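Right, one structure below, let's go through it.
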Amino acid sequence: MPLENRRTRGGVVLRALALSAVAIVVAGLAPLASRAFDAHRVEPSVYKIYTFIPEKNQFTVSSGTGFLISGRRYVMTNFHVVENGARFYIAFRDGREAKLVEAKRADARPNIDLALLEAREDLPGEPLILGEYEPEKLAEVVAIGYPGAANLNKELVPGPDARGVPLTDLESTITTGVVSRMTFTNLKVSETQVLSARTVQHNSAINPGNSGGPLFDACGLVVGINTLQGLNSQGLFFSIHANEVGRFLREGQIAFASSSRPCSGGPGSVLPLLVAMTAVLALAAAVYAIRKQGTAPLRAALPEVISRHIPLIGPQTGGAGEKKISVRRLLPLRDNASAAGLLVLRPLESGETIRLDETGRAVTIGRGPGTDIVVASDTVSKLHARLAYDRKAQRIHVTDLNSSNGTYLDGVWIREADAAAGSVLRFGTVDYELLLEKPAAKSAPEAAAAAHGMGWMLSGFDPSGRALQFELRPVIDPQSGRELPATWTFGRDPGRASFVIDDGSVSALHAQLMFNPGEALMLRDINSMNGTKLDGESIGKRTVTITGAGNQITFGLATLRLSRL
């Protein structure tokens with residue numbers, strides 16, 4: 001073949017490869033563009049809420065925000081938006097006119113500041129989808145609502161036929177920001193209401209009138225309900241987390257849509273960069289093959305080159321309701337069938353590994369007393385799921401027990417399913433990896449220690465929302481293998497307390513737990529300022545006995561749950 005012709009054909013192939021690289025980049029950007037936040041899509045589902053509060057011989061009118069969550073008539077909002085109301089109206093734009101639809105209060109939970117309204121007529125828009133996952137810090141969020149301060153003209157009192165409601169009052173306000181942190185809010189918000197809920201702290205500005213409105217992630221999922229503004233602060237706003245909303249709706253048997261998959265396709269995503277880098281690598285490999293072997297061998301080897309450098313290019317998921325694919329399924333799996341060992345549940349974040357019963361007896365998992373496996377998380381139901389271990393088949397049969405926040409296998413919501421080694425199980429928002437663990441040979445003292453309970457765990461949150469987790473393990477006598485008596489102290493002073501709770505409501509040396517082998521735990525307050533409670537009741541100066549697990553122990557305002565290790 002003439003040299004010039006070979007170069008020409010090589011140039012054609014190079015141009016084709018360059019166009020292919022561009023196509024790959026465009027293909028990678030297309031899903032990103034489709035998942036970018038679309039305000040026009042969600043705005044029709046966000047409404048202004050008017051509450052008429054009777055006072056003597058007249059009504060006082062307050063306003064807030066709500067959004068469609070189920071069907072054509074169910075609207076979510078804050079409890080404090082509709083508190084003490086006698087009549088409620090949902091307002092929205094209908095073309096060039098304002099429209100009011102009367103509603104009734106269908107359900108409410110003051111302690112998590114949530115309420116559900118049922119409209120008398122169908123509403124515009126589509127039900128919004130909850131994002132029941134915990135967003136990371138700096139994840140982008142968008143707040144939509146109707147802050148009263150945005151209306152420069154004095155708002156008139158609306159009537160049932162929408163007279164006196166300017167269209168400008170029904171133009172929603174959109175603000176953007178990022179997640180600052182996830183926290184737990186325990187706050188007395190009025191004389192009759194104490195808020196105790198998981199919240200999203202962010203800096204997407206909200207003001208009076210925004211209450212009850214949705215906080216979206218970059219994919220358009222509702223990750224929170226806008227509720228609070230930090231007092232005498234700048235950029236501190238709080239939204240009730242979507243998990244609290246999901247639990248509230250499940251308890252009320254209200255159908256709704258949700259996704260537990262974190263948003264990964266919003267603005268600032270690194271996906272375009274990764275796709276472009278992958279395309280460049282593929283193109284560089286092709287150029288090297290041309291120089292090394294010429295165009296004919298390249299043509300035959302091209303699929304192999306592409307697959308070698310782009311092993312995971314495929315449809316990008318991330319929208320609501322899409323099935324989560326575990327990367328583990330794309331890797332070679334080890335043959336564990338013949339290996340001796342037991343399946344265990346290892347937490348993906350922190351906590352103790354759970355060793356399952358090999359006898360085939362089904363065990364229960366939940367956060368309440370009486371369950372076999374106690375998980376101290378407010379997203380886990382008191383009785384969450386049942387696990388039956390089939391040792392012969394090396395799998396776990398998982399059954400959800402009508403939990404509030406659901407049970408998931410590899411990111412997919414399940415009612416009942418079999419899980420094998422390599423799977424990831426999620427209870428609420430707590431993830432466990434199912435692993436095959438080979439038994440290790442134990443020394444005589446270790447074997448004796450294994451026959452004991454091995455201790456307890458106290459876990460929960462302090463009043464500022466910081467997670468607390470303390471392991472109480474008795475010391476084992478190395479000679480006899482027996483547990484020795486133990487005392488654990490709790491307080492704010494790290495120089496005096498075994499376990500430190502850094503909160504002003506906790507005394508320097510607050511309380512102690514005592515253990516004697518063969519006996520139950522004993523709890524005693526050490527003359528603390530704010531007292532110690534067991535299951536909500538003050539123990540005063542008494543020394544009380546704790547006979548089981550699942551009990552709540554409160555030091556000052558920090559409440560922890562006791563479970564067995």
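Inside the stretch 217-246, can you point out the residues that are surrounded by 21 or more Cβ atoms within 10 Å (Cβ to Cβ) and either free of Cβ contacts under 8 Å to residues at least 12 places away in the same chain or in a loop (DSSP other than H, G, I, E, B) (or both)? Result: A218, C219, G220, L221.
Of all residues in the stretch 49-84 being crowded, with 23+ Cβ neighbours inside 10 Å and of a type in the set (G, A, S), which is nearest to E126 (Cα to Cα)? Among residues in the stretch 49-84 that are crowded, with 23+ Cβ neighbours inside 10 Å and of a type in the set (G, A, S), the one nearest to E126 (Cα to Cα) is G66. Taken over the stretch 489-502, the criterion of being over 32 Å from the mean Cα position of the chain (by Cα) and either of a type in the set (D, E) or surrounded by 21 or more Cβ atoms within 10 Å (Cβ to Cβ) (or both) is satisfied by D493, A497. Taking first residues from the stretch 94-105 that are surrounded by 13 or more Cβ atoms within 10 Å (Cβ to Cβ) and partners that are of a type in the set (V, I, T) and in a strand (DSSP E or B), the Cβ contacts under 6 Å between residues at least 6 apart in sequence or on separate chains come to V101/I90; A103/I90.
Scanning the stretch 500-528 for residues that are within 18 Å of F470 (Cα to Cα) and of a type in the set (S, T, N, Q) returns S507, Q512. Can you work out which of the residues in the stretch 128-154 that are open to solvent by 10 Å² or more (accessible area, probe 1.4 Å) and of a type in the set (V, I, T) is modelled with the highest pLDDT? Ranking the qualifying residues of the stretch 128-154, first place goes to V142. Only one of the numbered conditions (1) among the polar types (S, T, N, Q); (2) without any contact (Cβ under 8 Å) to a residue 12 or more places away in the chain; (3) closer than 30 Å to L356 by Cα is violated by N516, and that is (2).
Of everything listed in (1) of a type in the set (A, V, I, L, M); (2) modelled with pLDDT of 90 or more; (3) under 21 Å from S563 (Cβ atoms), the single unmet condition for I526 is (3). Among S443, S505, which is of a type in the set (S, T, Y) and either crowded, with 20+ Cβ neighbours inside 10 Å or modelled with pLDDT under 85 (or both)? The conditions single out S443.
The residues of the stretch 247-261 that are part of a loop (DSSP other than H, G, I, E, B), out of contact with any helix residue (DSSP H, G or I) (no Cβ under 9 Å at 6 or more places or on another chain) and closer than 13 Å to I129 by Cα, listed by number, are A257, S260, R261.
Among the residues of this structure, L117 counts as one that is at pLDDT 95 or above and either under 22 Å from S196 (Cα atoms) or touching a Lys or Arg at 6+ places or on another chain (Cβ under 7 Å) (or both). Look at S528 and say whether it is of a type in the set (S, T, N, Q) and buried (at least 18 other Cβ atoms within 10 Å of the Cβ). It is true that S528 is of a type in the set (S, T, N, Q) and buried (at least 18 other Cβ atoms within 10 Å of the Cβ). Just checking: which of the strands (runs of 3 or more DSSP E) contained wholly in the stretch 383-433 hold 1 or more residues that are more than 18 Å from D372 (Cβ to Cβ) and open to solvent by 40 Å² or more (accessible area, probe 1.4 Å)? Ranges flagged: 395-400, 412-414, 416-420.
Might you let me know whether the stretch 267-281 holds any residue that is open to solvent by 10 Å² or more (accessible area, probe 1.4 Å), modelled with pLDDT of 85 or more and not in a helix (DSSP H, G or I)? Within the stretch 267-281 (the criterion being open to solvent by 10 Å² or more (accessible area, probe 1.4 Å), modelled with pLDDT of 85 or more and not in a helix (DSSP H, G or I)), the answer is no, since none of the residues qualifies.
Here the stretch 256-266 is the region considered, the condition is being of a type in the set (G, A, S) and modelled with pLDDT of 85 or more, and the residue that is surrounded by the fewest Cβ atoms within 10 Å (Cβ to Cβ) is A257.
With the structure loaded, tell me whether V223 is out of contact with any helix residue (DSSP H, G or I) (no Cβ under 6 Å at 6 or more places or on another chain), at pLDDT 95 or above, of a type in the set (A, V, I, L, M) and closer than 22 Å to C263 by Cβ or whether it fails that test. Considered against the rule, which asks whether it is out of contact with any helix residue (DSSP H, G or I) (no Cβ under 6 Å at 6 or more places or on another chain), at pLDDT 95 or above, of a type in the set (A, V, I, L, M) and closer than 22 Å to C263 by Cβ, V223 comes out as no. Would you check if there is a residue in the stretch 460-467 being closer than 22 Å to L565 by Cα, open to solvent by less than 70 Å² (accessible area, probe 1.4 Å), at pLDDT 85 or above and among the aromatic types (F, W, Y)? Looking through the stretch 460-467, none of the residues is closer than 22 Å to L565 by Cα, open to solvent by less than 70 Å² (accessible area, probe 1.4 Å), at pLDDT 85 or above and among the aromatic types (F, W, Y). Starting from residues that are surrounded by 11 or more Cβ atoms within 10 Å (Cβ to Cβ) and hydroxyl-bearing (S, T, Y), keep the ones in the stretch 322-378 and report whichever is modelled with the highest pLDDT. Among them, the one singled out is S377. Could you tell me whether any residue of the stretch 100-110 is within 20 Å of E171 (Cα to Cα) and of a type in the set (G, A, S)? Looking through the stretch 100-110, none of the residues is within 20 Å of E171 (Cα to Cα) and of a type in the set (G, A, S).
Each residue in the stretch 192-216 was checked for being assigned to a strand (DSSP E or B), open to solvent by less than 10 Å² (accessible area, probe 1.4 Å) and farther than 22 Å from K137 by Cβ, and 1 of them qualify.
The values are calculated or read from the model by the stated rules, or taken from the named source; none is laboratory data. As the structure is a computational prediction, the values presented were derived from the model and not from experiment. Virtual Cβ from ideal backbone geometry, glycine too; neighbours counted across all protein chains shown. Side chains are part of the model used for accessible areas, which takes the heavy atoms of the whole protein and leaves out ligands, DNA and RNA. Shrake-Rupley method; radii C 1.70, N 1.55, O 1.52, S 1.80 Å.
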